[in-house]
Every structure is written in C-alpha cells, then in structure tokens.
1. Is there a residue being touching a strand residue (DSSP E or B) at 6+ places or on another chain (Cβ under 8 Å) and in contact (Cβ under 8 Å) with a residue 60 or more places away in the chain anywhere in the stretch 165-175?
2. Out of 176, 185, 207, 133, I need the residue that is at pLDDT below 90 and over 18 Å from the mean Cα position of the chain (by Cα). Which one?
3. Could you list, in sequence order, the residues of the stretch 3-45 that are modelled with pLDDT of 95 or more and in contact with a strand residue (DSSP E or B) (Cβ under 6 Å, 6 or more places away or on another chain)?
4. Of the conditions (1) under 19 Å from residue 13 (Cα atoms); (2) in contact with a helix residue (DSSP H, G or I) (Cβ under 7 Å, 6 or more places away or on another chain); (3) surrounded by fewer than 20 Cβ atoms within 10 Å (Cβ to Cβ); (4) touching a residue at least 60 places away in the same chain (Cβ under 8 Å), residue 125 fails just one. Which one is it?
5. Would you please list the contacts, defined by Cβ atoms under 8 Å and residues six or more apart or on different chains, that run from a residue in the stretch 104-117 that is modelled with pLDDT under 85 to a residue that is loosely packed, with under 12 Cβ neighbours inside 10 Å?
6. Check off (1) outside any helix (DSSP H, G or I); (2) within 28 Å of residue 54 (Cα to Cα) for residue 157 and give me the number that stays unchecked.
7. Within the stretch 1-26, which residues are assigned to a loop (DSSP other than H, G, I, E, B) and within 17 Å of residue 156 (Cα to Cα)?
8. With (1) under 16 Å from residue 196 (Cβ atoms); (2) loosely packed, with under 15 Cβ neighbours inside 10 Å as the list, and residue 111 as the residue in question, which single condition is left unmet?
C-alpha cells in the first residue's frame, strides 16, 4: 500500500515524460515533510495537538522514509512541536524524495531515465511504468472533489497537501476547477499538520521576499 508521501511524490510527476512539475522547492519540501508526519500519525507513531507533538511508539513501520523520520523526531530534542518537526524534516527533503523514488522504481511503478539537456547538463526523469496506482489515486481524489464522495483519514490528509501545493489543476479538467477548489477548501481547513505546513511555507516565502527586496536595494 502506498503511503501519503509516496502518493504526494507521484502527484508531482507529469503524466508524460516523468519530469517533476514546477513546484517551488520550499513548498515541495514542506508538503513532503507534512506527508511523512501525517503517515506517522495515521500509523499511531506520533500524536499532536495545537502546541505539542508526541512520539507514541518507536516501532518501525517498514517504510525507510517513515522510519528514518520517526528516528529523527524521537532523537531530536527540538522536535517537540509539529512546526519544529516540519522544519526538521523539510531540511531533509532531497534525501526523502530520492528514497521514495528508489522505492517506487523497485516496486515497478516508476522507471528511472537519465539523460542530458543540451548534451551537457545531467537530467533525470521518472516515467510511469505501471500507471495503475497513480490512476487509482487520481480517481479517488476526483471522486471526492467532483462527486462529493466522503474521504477517509488518508485521503483527507492527501487533499490537504493537494490544497497547499495547488495541485488541483493537475487533477481535474479546467471546467471543473472552481467547483473542485471550493470542495477542496472545505475539506482542508481543519487538518492540524497541514496548518503547520502552511505556516512554514508562509514564513519561508517571507524570508525569500525579504532577501529579494534587499538584493534590489529596498
């Protein structure tokens, strides 16, 4: 069974060619960190409230990314809030993404294709090898957004990440986007980890904007 982190990575791959969509690095990193935390919460490894994050169990999940994240959170004395855990895991986004992609290739869902752009610059893409899983994910989410199917806890978390990453435009036809976005807004407001992911992204974006303004002499 695919984890939230697995599915979030798959949703960020283009159907044609296997390149990643142009999501800002800090947005992708925060969402991936949030997905991992949500996975751990759904598996009863962590719990959280508005102010605190607790490690409930250190029992391995069997997923290398989740188990490494659980170890990082349990061992880091600063990871006492969800916001802190998002920040710590977001800094490890490259390693988490590479582990997830390797696992998806190993399971036959993706294939890795290395090449060169302009015959010089190395490129790497991940074309879909077996599209059944990603089609199933997209059909589930479309059913919730357009047919108003009721989401379970897993899909409610995934839709929160779809909302944060502005990924609805890649899931539904343009004619249905406004209706889907309204449904998405209704479903994604109350997810606590998602709230902290949004706050992290907003703080990083503020820092980026300030640095750009300073660079322009403001």
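1. Kept after step one, since they are touching a strand residue (DSSP E or B) at 6+ places or on another chain (Cβ under 8 Å), are these residues of the stretch 165-175: none.
No; the residues of the stretch 165-175 include none that is touching a strand residue (DSSP E or B) at 6+ places or on another chain (Cβ under 8 Å) and in contact (Cβ under 8 Å) with a residue 60 or more places away in the chain.
2. On the way: 176 fails: at pLDDT below 90; 185 fails: over 18 Å from the mean Cα position of the chain (by Cα); 133 fails: over 18 Å from the mean Cα position of the chain (by Cα).
It is 207.
3. Correct list: 40 only.
4. Tallying (1) under 19 Å from residue 13 (Cα atoms); (2) in contact with a helix residue (DSSP H, G or I) (Cβ under 7 Å, 6 or more places away or on another chain); (3) surrounded by fewer than 20 Cβ atoms within 10 Å (Cβ to Cβ); (4) touching a residue at least 60 places away in the same chain (Cβ under 8 Å), residue 125 fails exactly one: (2).
5. Short answer, once both residue conditions are applied: 114/122; 114/123; 115/122; 115/123; 116/122; 116/123; 117/123.
6. (1)
7. Let us first name the residues in the stretch 1-26 that are assigned to a loop (DSSP other than H, G, I, E, B), namely 1-3, 12, 14-19, 21-24.
If the condition is that a residue be assigned to a loop (DSSP other than H, G, I, E, B) and within 17 Å of residue 156 (Cα to Cα), then 1, 2, 3 are the ones that fit.
8. (1)
The values are calculated or read from the model by the stated rules, or taken from the named source; none is laboratory data. Source: prediction; values computed, not measured. Please note: Cβ atoms are built from the backbone with ideal geometry, for glycine as well, and neighbour counts cover all protein chains shown.
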